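Okay, so here's the structure we're looking at.
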């Protein structure tokens, strides 16, 4: 081989090949002679066969000579011979290669006339030559020929394309089929020509396609490669959108032109076109990335935080737009330049332009990646610290979350911070989701997203620590008797001012943690994170036991959630002890007074107000399941404390047992709904709570055992099992060691019971209702323990007043006699000491300033079949306003603590017995109103008719309370509303009206005063408003109020009131047309829209003559300049179709909604 490489270096050396063969033969002969010489004296005479062979050698028969040497030669001779044979064989191959190379070279010398097929064949033959130098010479020659042909074909293709104005965006000319065929032929020839020297691979492109997309490249560089309005570093999407538009407009045409030119070369034509078009885009993006990196590094060197944030945001924006563009190409065009056919999978996936930028040299990342990840972390961290955990209401619950859900009671409401963190997390996911480079996706998740989950958990731990410190510093006195307590008192700074604030803090943490756990569980099964986790497990060198990328975080959050939930027990145990403290310390259970009380202890007022208020908050804040879990804990606390400090820690006589049962019944009546101590819910109930049943069984046992049996039980004279057999429950919740103490004289003092004749309904907070027994000797009310009804309060006299029986027309009444110093008032009029008055149902009785009640006879309730009174369910609070028909006051729901509005209508005469049909109709219509449920309509909650006396009654209508006032006041304050603001308000108004009209309910009094606004202020300046509201407003919810009033005040009175102020009333109402339809509301809505946009009504006496009434009847109005000059034509057109005198020509609600939506979309 060395011999060949030394003596044959060019094709010209083939001319001397014969001389070299002769020399090799001579060398072989010399080797043979030397061998003979060395063996001359030791070998036998040469056999004839050998001699014959030697003669053949002399004649040049090398094959036979080689056989002779193998058979008789020495080992060294054999080795030399083997080497020589290899050299001769290789020399023959070189000879063949040189001969073939000479033939190919000769053929290539006529390159311009050589066909593509012959050129391809030459290339194939060249590839078979095994002689490096020869092949190198031929490859160079072949490349030269190919380039000459390229220089010939490309100008022809360019000329043809220019002639047909190829890819001209503004000119379209008709191109003959022959011309297109010629262009396709040129293009195919260029493709075939380039394929001879090798097919290009991404990101390299085909020569023909460079020419095809050249007009696009020129225009692209014009717009985005030089200083111009379109070339902005802050708007990479402009360039990318330009490319996509080019694909959308021209890719099909290019595909038609190239046909199947690429199929024979194992390529997909449309993918190759896209690759060619991406060349200037890649250069543009690379340039932008380098510029941004330069600015970022400079900002880092100079510690310029503002510039760092500015260019960091631009870099993040660039990568987001770039990765999104990559994804659109993958999805829209199935683009992967590594695919050679749709039948076989590609060797690798396309990393996108983003991958081209991200992939640095070797194994290192591009500076773009490092800067991007660092800046994404910094920007997200700033948002996390300022807008999530740094906000004042971070762990306050967002009650508006998913308020429109079909089942809001099962929706977990998050804290503001938890919701914001989920939004941040999802937003960050969009930043890397389209990257398709798993390596960087994993870096993003681990370095940024998981970091914030860890930081948020730390924030909840810190907040929980603050709560614990606050809870421990909130001192609650123990239940020692007052005489046993130290006279000296110590004060401790109280961090939590009231229990509700602490409960809100605890529940905010609970909702935050659970909301995050729910979303982490959802993220765990999302395809993106499943794929990332599987990739991580595959590359991890250690065994991975977690199920998902979030498993560790979920485990930590769950552990923290358990700690938070366990605090409900401690919180309520302390709060319940505090609320029952006065009751436990002051109650006496050995009661000698024989007169029946049957009244709950007034010391329970604190408890029956605080605990339901707490539960009302929890019911609003927690989903149904979680609320039940908390109620179970509260029920445990309440029952165990009552049993421990009241039942088992006192001695009772029979009167005391009765009082104990009365008190416990009072507690249960107030707690049955909040603590689910009933069977109203099929799934959730605490009726079978063991501690609760324990108290019930204790009371049952106390009231059933006589003194002798109790004594025997204490002395172990009777087996507990015998006692258990007396009870249906077997006292299964009580142990044998439960000590139930009763006085020995239990049976000696019978309890005198009287039927109740009347009831006092408390209208003040923290006061229970009071039953008035029918006691012939009279019922004394006062502060003294000797009184029949005991009241607390410093201004209540020891004997404040007395109820006495009186009869009239076979009916018993009560007389009230004032015995006080500070006064007893009936219907706000003080009687004066010694003064007596007859009481009627509905009278308001005030005992000085300490208590106010509504009086009602039990018989009246039974006769009128009134199941509950308004005052059973609500406590009246402040007055909100008054009108023609009623007074509006605030009220608090006794069960839930919710604040409502109650419209108290002026008294009206009680209907006669003959009007039962009207009453049935009213009930039917009331049921319809109560069934209305729409976000833009004030909700009817309940309806009560309260008798005042035998001849009159008043109606209490309980409504949803709407904050922040009326649309009327908003117009007054602003003079007029903005167009976009009006559109947003009117859209909600139409939604409410559509709901009413679908149910054939006519409002009849649409005006700004009856459109209430529930305004939610922004919790922070950064919070984005839901609509075009004022700067401080987050949301404005329209609520239609005061419909259906005619049912309560009378049709005639209602119509007369409307016609008295007819500015918004439809013409047919003024004309006393009784058959008017829902279109009267449409007319009123048109007037309302007019007023909102310009600030004054279309009909007014000030615009007369004629007067306002005639203006309405004639439909006489105008759009006055300059007030209407800037108002959109669509608004004017809508008003014109609403204020039509003839109802048949007037829009109905469907037409109005359709017109409103169509014009809104056009604008």
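The values are calculated or read from the model by the stated rules, or taken from the named source; none is laboratory data. Just so we're clear, the structure is a prediction, and the values are computed from it rather than from any experiment. Quick reminder, even Gly has a Cβ in these numbers, built from the backbone with ideal geometry, and neighbours come from all protein chains shown.
Look through the range 289-307, keep the residues that are in contact with a helix residue (DSSP H, G or I) (Cβ under 6 Å, 6 or more places away or on another chain) and touching a residue at least 40 places away in the same chain (Cβ under 8 Å), and return whichever of them is nearest to residue 344 (Cα to Cα). Once the filter is applied, the top-ranked residue is 289.
For the range 693-725, the set of residues classified as in contact with a helix residue (DSSP H, G or I) (Cβ under 7 Å, 6 or more places away or on another chain) and at pLDDT 75 or above consists of 694, 695, 698, 699, 702, 703, 723, listed by residue number. Evaluated against (1) part of a loop (DSSP other than H, G, I, E, B); (2) at pLDDT below 85, residue 934 falls short on exactly one condition, (2).
Would you mind finding the one in 797, 785, 741, 806 that is modelled with pLDDT of 75 or more, in contact with a strand residue (DSSP E or B) (Cβ under 8 Å, 6 or more places away or on another chain) and closer than 24 Å to residue 591 by Cβ?
On the way: 785 fails: in contact with a strand residue (DSSP E or B) (Cβ under 8 Å, 6 or more places away or on another chain); 741 fails: modelled with pLDDT of 75 or more; 806 fails: closer than 24 Å to residue 591 by Cβ.
The unique qualifying residue is 797.
When 262, 246 are checked against the criterion of being farther than 30 Å from residue 125 by Cβ and assigned by TED's automatic domain parsing to the domain that holds residue 315, a single residue qualifies: 246.
Report whether or not residue 1121 is touching a helix residue (DSSP H, G or I) at 6+ places or on another chain (Cβ under 6 Å) and either in the same structural domain as residue 996 (by TED's automatic domain parsing) or in a helix (DSSP H, G or I) (or both). Can you show your working first?
Values: touching a helix residue (DSSP H, G or I) at 6+ places or on another chain (Cβ under 6 Å): no; either in the same structural domain as residue 996 (by TED's automatic domain parsing) or in a helix (DSSP H, G or I) (or both): yes.
No: the conditions fail for residue 1121.
Of all residues in the range 999-1032, those that are in a loop (DSSP other than H, G, I, E, B) and more than 22 Å from residue 900 (Cβ to Cβ) total 21. For the range 747-759, the criterion of being at pLDDT below 80, part of a loop (DSSP other than H, G, I, E, B), surrounded by 19 or more Cβ atoms within 10 Å (Cβ to Cβ) and assigned by TED's automatic domain parsing to the domain that holds residue 704 is satisfied by no residue at all. Scanning the range 266-284 for residues that are outside any helix (DSSP H, G or I) and surrounded by 16 or more Cβ atoms within 10 Å (Cβ to Cβ) turns up 267, 268. Among the residues of the range 314-331, those that are in contact (Cβ under 8 Å) with a residue 40 or more places away in the chain and farther than 13 Å from residue 288 by Cα comprise 320, 323, 324, 325, 326, 327, 328, 329, 330. All conditions but one from (1) part of a loop (DSSP other than H, G, I, E, B); (2) more than 25 Å from residue 998 (Cα to Cα); (3) out of contact with any helix residue (DSSP H, G or I) (no Cβ under 6 Å at 6 or more places or on another chain) apply to residue 1097; the one that does not is (3).
Applying the criterion of being more than 23 Å from residue 580 (Cα to Cα) and in a loop (DSSP other than H, G, I, E, B) to the residues of the range 760-786, the residue that is nearest to the chain's Cα centre (by Cα) is 774.
So that you can scan it fast, the table gives a plain yes or no per residue for (1) modelled with pLDDT of 80 or more; (2) within 18 Å of the chain's Cα centre (by Cα); (3) more than 30 Å from residue 354 (Cα to Cα); (4) not assigned by TED's automatic domain parsing to the domain that holds residue 513:
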site	(1), (2), (3), (4)
384	yes, yes, no, yes
395	yes, yes, yes, no
406	no, yes, yes, no
409	no, yes, yes, no
413	yes, yes, yes, no
420	yes, yes, no, no
423	yes, yes, no, no
435	no, no, no, no
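Scanning the range 415-459 for residues that are over 30 Å from residue 620 (Cβ atoms) and not in a helix (DSSP H, G or I) yields 433, 434, 435, 436, 437.
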